[in-house]
1. As a test of the definition: which semi-axes, in Å, follow for the range 70-151 when you take the square root of five times each eigenvalue of its alpha carbon gyration tensor? Largest first, please.
2. FRET efficiency for residue 4 and residue 45, Cβ-Cβ distance as r, R0 = 25 Å, nearest 0.05?
3. Could you rank the peptides 122-129, 67-74 by their average count of other C-beta atoms within 10 Å per residue, with the highest value first?
4. Short version: what are the Cα gyration tensor semi-axes of the range 42-92, square root of 5 times each eigenvalue, largest first, in whole Å?
5. Note the angle between two axes, namely the Cα long axis of helix 128-150 and the longest principal axis of the Cα atoms of the chain, as a number of degrees from 0 to 90, rounded to the nearest 10.
6. Using helices alone, what [θ] at 222 nm do you get for the chain, with -39,500 (n - 2.57) per DSSP H run of 4 or more residues, divided over all residues and rounded to the nearest 500?
7. Kindly report the accessible area of the range 41-149 per residue (heavy atoms of protein chains, probe 1.4 Å, no ligands, DNA or RNA), in Å².
8. Need the list of lysines near residue 2 for cross-linking: C-alpha distance under 21 angstrom, and skip anything on the same chain fewer than eight residues off.
Amino acid sequence: MKARTGAIVMAAVLVLYLALVGQRAVQFVLTGVPIAVAIGVALIVLPIIGVWALAMELQFGIKSGRLADELDAAGETPADLPVLPSGRVERLAADAAFPTYKAHAEAEPENWRAWFRLGILYRGAGDSRRARAAVRRAIRLHDADAKRADR
C-alpha cells in the first residue's frame, strides 16, 4: 500500500512539474525569438514524452497489481519462499528457487502465471530488468487469454 501511495504522490508531482514546464514552453514560443522558440518547442516535446512515460508506468503498475491479486486469490503465489517485511522475497531463497521457476516458465511459455512467478523471483534476486520483462510477458499473455475468452 505504501508503494501505491508513493506512486500516486510522485505522479501528482510529475504532473504539476510537467504543467509548469509546459506553461514556460508556451511563453518561450510566444516570444518569437528563434532560439527561444526552439527552446520552447523542446520544452513542449519533453513534457509529452514525460506524460507518455508516466502513463506507461502507471499502466504497468495497475496491470501487474491486478495479476498479483489474481494469482494471490487463486492461491498460486510462491508460498514456499520466505518474505521480508517489505513484501519482497528474500534474496537467498529467490536465488535457490530460481532454477525451478525458470524451468517451469520455459516448459509452459504461454502460461502467464509461470512468467509472473518468475518475475517475482527475478525481483527477489535483485534483477529488476529481467523481473519487469517477465512481468510484461505475463501481462501480454494474460491480456491475450482474456481476448480469447471474450470471443
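The values are calculated or read from the model by the stated rules, or taken from the named source; none is laboratory data. Only a predicted model underlies this, so the values are computations on that prediction, with no experimental measurement involved. All Cβ positions, glycine included, derive from the backbone under ideal geometry; neighbour counts span all protein chains shown. What goes into the accessible areas is simple: the full protein's heavy atoms, side chains included, and nothing from ligands, DNA or RNA. Shrake-Rupley method; radii C 1.70, N 1.55, O 1.52, S 1.80 Å.
1. On the way: eigenvalues 105, 34, 25 Å².
Here the semi-axes work out to 23, 13, 11 Å.
2. Working: r = 30 Å, r/R0 = 1.20.
Between residue 4 and residue 45 the formula returns 0.25.
3. Details: 122-129: 16.6, 67-74: 13.6.
Packing proxy ranking, top to bottom: 122-129, 67-74.
4. Values: eigenvalues 236, 42, 7 Å².
In descending order, the three semi-axes are 34, 15, 6 Å.
5. Taking the Cα atoms of the chain, the angle to 128-150 is about 80 degrees.
6. Numbers: 5 runs with 123 residues, N = 151.
One gets -29000 deg cm²/dmol as the mean residue ellipticity at 222 nm.
7. Computed with neighbouring chains in place, this is 61 Å² per residue.
8. Once the sequence-local lysines are set aside, what remains near residue 2 is 63.
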